[in-house]
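Heads up, the thing below is written out as structure tokens.
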Amino acid sequence: MNNTDFTKPSHFIRDIIEEHNRSGRFGGKVITRFPPEPNGYLHIGHAKAICIDFGMAQEFGGRCHLRFDDTNPTKEEQEYVDAIMNDIRWLGFEWDPHLYFASDYFERLYDFAVQLIKAGKAYVDDLSADETRELRGTLTEGGKASPYRNRSAAENLDLFARMRAGEFPDGSRTLRAKIDMASPNLNLRDPVMYRIRKAEHHRTGNKWCIYPMYDWAHGQSDSIEGITHSLCSLEYEDHRPLYDWYLDQLGIHHPQQIEFARLNLTYTVMSKRRLLTLVEKGYVSGWDDPRMPTLAGLRRRGYTPEAIRDFCDRIGVAKSNSTVDIALLEHCLREDLNKRAPRVMAVLRPLKLVIENYPEGQVEELEAVNNPEDPQAGTRQVPFTRELYIEQEDFREDPPKKYFRLFPGNEVRLRYAYIIKCTGVVKNQNGEIVEVRCTYDPATKSGTGQESKKVKGTIHWVSAAHAVPAEVRLYDYLFTKPNPDDVAEGEDFSVNINPNSLETLRACRLEPSLASATAGSRYQFERHGYFIADTKDSSTEHPVFNRTVTLRDTWAKIEKTGRSEK
RNA sequence: UGGGGCGUCGCCAAGUUGGCAAGGCACAGGAUUUUGGUUCCUGCAUUCGAAGGUUCGAAUCCUUCCGCCCCAGCCA
């Protein structure tokens, strides 16, 4: 919304598309596709791809298809299909009515294969998986031809039909493209097109027992849908010659495959394997654990789709492997939330504060601004009484230099209320502070225009008698190192898991207006950060808030670096 | 030692016909502030992986070298 007034810097994909539009290669059309395999949850890395795929189509007045790459029946499930569609819509993109499944093309793919066989460009191979690997050669040496490579088209046609008919056991035969066993590009050494898998497919059931490989299915699916630009990640660069070969042999519509670097983030793991490990080993509570980089996790954490899209815009599109600082993601989040999150006061670690000269039993309703960034957000009333809770960290008996908060003899303003002066503390037998005492200055009431006195610090508070008890979950990075894979020999990324990535506070006290907070609503807890009422566990009886991200904390930085010492 | 890519500020990333290094994040100062928040100023690559060369002039052209990533699934 605020980035419409500057011209987005170009990137190489946009340049290529513009060039195609100039030359008329695709008649000015831009049709892309996002092709997830339904075998896992979408994560922030997919969000980048989604923003590029849908974004390019949108920008050039085209469209983007959602196509599930469901060519492997043993790994894929309907549950993931539903979750993926939900996540993409949440992110803010719509494919309707262009929803497709590679499995919808199985029949046509089969016909294409027959076409290649007839042209002498594909053959049925009886080699086992191991034998196939043996003959493939190595990175530096070419492979050797299979003894079945030169079967006649008629024999291949017969065998292929019988493969489909289920006459042969799993793994006993494959259909291979006849390209070049000596190619320096391994993908061209007679790649497998079909394998036999007598498995039930989540959509086609038991109709098929041969399933196409990715390379064979993908390009042809693109072609069938009239895709113009097939955008994918860098590891498919080596596959492009094969992508092109199939299309050229078939003589059908030929999209342009373009590869870009996938996203990596500091303090984050992104691979499906590692994400699965986190879930299965119980390091997190599930795919939607607020610490997970999955869209489901980020959503539950309180991230907004707008922030994620803005982030994807800012990281750019290029071909170099890179790892983006997660601080940029958090910056985008704060920028978005700052504009829209209503402010409230919440005391996370309560410390009782008694105002000695404030009448017992008196309740004042004070006016508080809902969002200083948004005048439209209006104001609300907050009850003020003699006994309040303040944040433990807002009081120090023995304060460091530059500490602007409460300490014996010091004055601070209570947000939207009065200036108070600390008169002392009450301790228990263990010497622990259980109560802070103070007096207030009635002439300093907020909003009266009389508050001439200035103090350095303002702290938040909540009326003890009116406070809403709540549980608050403080989340931190899941890993202690920017690169979770930075481990010693023999160790794996789990040694870098942050044992303190979740801290649960069960005695929090929120201002009364939060009693009506509905699941999924976001707030700024003033001076703390942004929080969201948990969509799974929060209820009116037992409010639960997740910390989405902290506010920038200059004081914490000063204290940490010892700059408060001098 | 085969093939495909990539190397511009701590992290991303512009730089397209050679003309003399955008922007964002981070960081550091300062101003404003009833959130040590926000906002606003200021600073932050004589240098573009390295070395040669061409040129009046090169991050951009040529040569050589160095480093990093990907590929030997009947996964995608």
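A few comments on the model shown:
- Verdict on A:E393 being within 11 Å of RNA strand B (Cβ to nearest atom), free of Cβ contacts under 8 Å to residues at least 60 places away in the same chain, more than 30 Å from A:I258 (Cα to Cα) and not assigned by TED's automatic domain parsing to the domain that holds A:K456: no
- Meets criteria (within 25 Å of A:P241 (Cβ to Cβ) and away from RNA strand B (no atom under 14 Å from the Cβ)) for A:N185: no
- Residue selected from segment A:490-499 under the condition touching a residue at least 24 places away in the same chain (Cβ under 8 Å) and out of contact with any Asp or Glu (no Cβ under 6 Å at 6 or more places or on another chain), by the criterion surrounded by the fewest Cβ atoms within 10 Å (Cβ to Cβ): A:S494
- Conditions (1) under 38 Å from the mean Cα position of the chain (by Cα); (2) under 13 Å from A:Y418 (Cα atoms); number of the one not met by A:A467: (2)
- The one condition in (1) modelled with pLDDT under 95; (2) away from RNA strand B (no atom under 16 Å from the Cβ) that A:K75 fails to fulfil: (2)
- The residue list A:T535, A:T540, A:T518, A:T504 contains one member that is closer than 20 Å to A:M345 by Cβ, within 26 Å of the chain's Cα centre (by Cα) and β-branched (V, I, T), which is A:T518.
- Screening A:D288 on (1) under 16 Å from A:I532 (Cβ atoms); (2) open to solvent by 40 Å² or more (accessible area, probe 1.4 Å); (3) away from RNA strand B (no atom under 16 Å from the Cβ) shows it passes everything except condition (2).
- Pairs with Cβ under 8 Å, 6+ apart, first in segment A:207-220 and free of Cβ contacts under 8 Å to residues at least 60 places away in the same chain, second polar (S, T, N, Q) and buried (at least 23 other Cβ atoms within 10 Å of the Cβ): A:G219/A:S230
- A:Y123, sole failed condition from (1) buried (at least 21 other Cβ atoms within 10 Å of the Cβ); (2) closer than 25 Å to A:I31 by Cβ: (2)
- Within segment A:413-432, considering residues that are more than 9 Å from RNA strand B (Cβ to nearest atom) and β-branched (V, I, T), the one nearest to the chain's Cα centre (by Cα): A:I420
- Counting only strands (runs of 3 or more DSSP E) that sit completely within segment A:368-485, those holding 2 or more residues that are closer than 29 Å to A:V544 by Cβ and open to solvent by 20 Å² or more (accessible area, probe 1.4 Å) correspond to A:379-384, A:387-391, A:433-441, A:468-475.
- Subset of segment A:292-311 that is open to solvent by 10 Å² or more (accessible area, probe 1.4 Å) and touching a strand residue (DSSP E or B) at 6+ places or on another chain (Cβ under 8 Å) - its residue that is farthest from A:F531 (Cα to Cα): A:P293
- Residues satisfying the stated conditions in segment A:502-542, i.e. assigned to a strand (DSSP E or B), within 15 Å of RNA strand B (Cβ to nearest atom) and open to solvent by 20 Å² or more (accessible area, probe 1.4 Å): A:R522, A:Y523
- Checking each residue in segment A:138-170 for being surrounded by 13 or more Cβ atoms within 10 Å (Cβ to Cβ) and touching a helix residue (DSSP H, G or I) at 6+ places or on another chain (Cβ under 8 Å) picks out A:G143, A:K144, A:A145, A:S146, A:R151, A:A153, A:N156, A:L157, A:F160, A:R164, A:F168.
- Of the residues making up segment A:545-554, just one is buried (at least 22 other Cβ atoms within 10 Å of the Cβ) and either of a type in the set (A, V, I, L, M, F, W, C) or free of Cβ contacts under 8 Å to residues at least 60 places away in the same chain (or both), namely A:F545.
- Restricting the search to helices (runs of 4 or more DSSP H) fully inside segment A:185-280 and requiring at least 3 residues that are among the small types (G, A, S) and within 30 Å of A:G316 (Cα to Cα) gives A:214-225.
The values are calculated or read from the model by the stated rules, or taken from the named source; none is laboratory data. What you see is a predicted model; the values in this text were computed from it and never measured. Virtual Cβ from ideal backbone geometry, glycine too; neighbours counted across all protein chains shown. Note: areas computed on protein heavy atoms with side chains; ligands, DNA, RNA excluded. Shrake-Rupley method; radii C 1.70, N 1.55, O 1.52, S 1.80 Å.
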